[in-house]
């Protein structure tokens with residue numbers, strides 16, 4: 001039993017000496033940590049929820065946050081990262097780094113499919129804000145299907161622009 005204890009102690013001592021501990025001098029000082037915190041806060045504050053005229057947030061299904069073709073819908077606003085977007089020169093970028101996108105063949109079609117995709121400069125990812133509406137590069141507006149305006153999981157699509165609340169969007 002003494003040999004086993006000596007062997008275990010030797011392994012532990014060898015293991016600890018192979019991974020030296022950091023000294024306090026190697027840790028970042030408070031100025032560096034505060035600078036990093038300000039930088040992160042600045043980047044995160046650029047992302048905001050997009051709230052529709054029915055009071056629901058535009059969201060990317062959480063499991064699709066990093067997936068091309070990810071499903072976009074409306075849902076109760078809950079502050080989740082999957083409900084945060086930033087305007088990057090006319091492209092709406094999700095917190096997962098994907099852009100709000102209209103499926104290629106649907107760019108000019110009422111009821112066109114809205115999804116997220118790797119960001120590019122194609123017209124299907126260009127959006128311009130006008131009187132609370134988001135108009136895509138094909139001239140259609142981001143829209144919630146009529147009966148879905150107040151419904152969790154409501155369908156997001158593109159449609160001819162109008163002044164209805166299902167096409168009103170506000171960054172909050």
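By other beta-carbon atoms within 10 Å, ranking 61, 114 with the fewest at the front produces 61, 114. Each of 66, 47 has some number of other Cβ atoms within 10 Å of its Cβ, and from fewest to most they run 66, 47. Arranged from fewest to most other beta-carbon atoms within 10 Å of their beta carbon, 50, 149, 58 become 149, 50, 58.
Indicate the gyration tensor shape class of region 50-171 (rounded, prolate or oblate), computed on the Cα atoms with a ≥ b ≥ c the square roots of the eigenvalues: a/c under 1.5 is rounded; otherwise a/b larger than b/c is prolate and the rest oblate. Since a/c stays below 1.5, the shape of region 50-171 is classed as rounded.
All of the numbers you see were taken from the coordinates with simple rules; none came from a lab. These figures come from a predicted structure and were not determined experimentally. Neighbour counts are summed over all protein chains in view; Cβ atoms, including those assigned to glycine, are modelled from backbone coordinates with ideal geometry.
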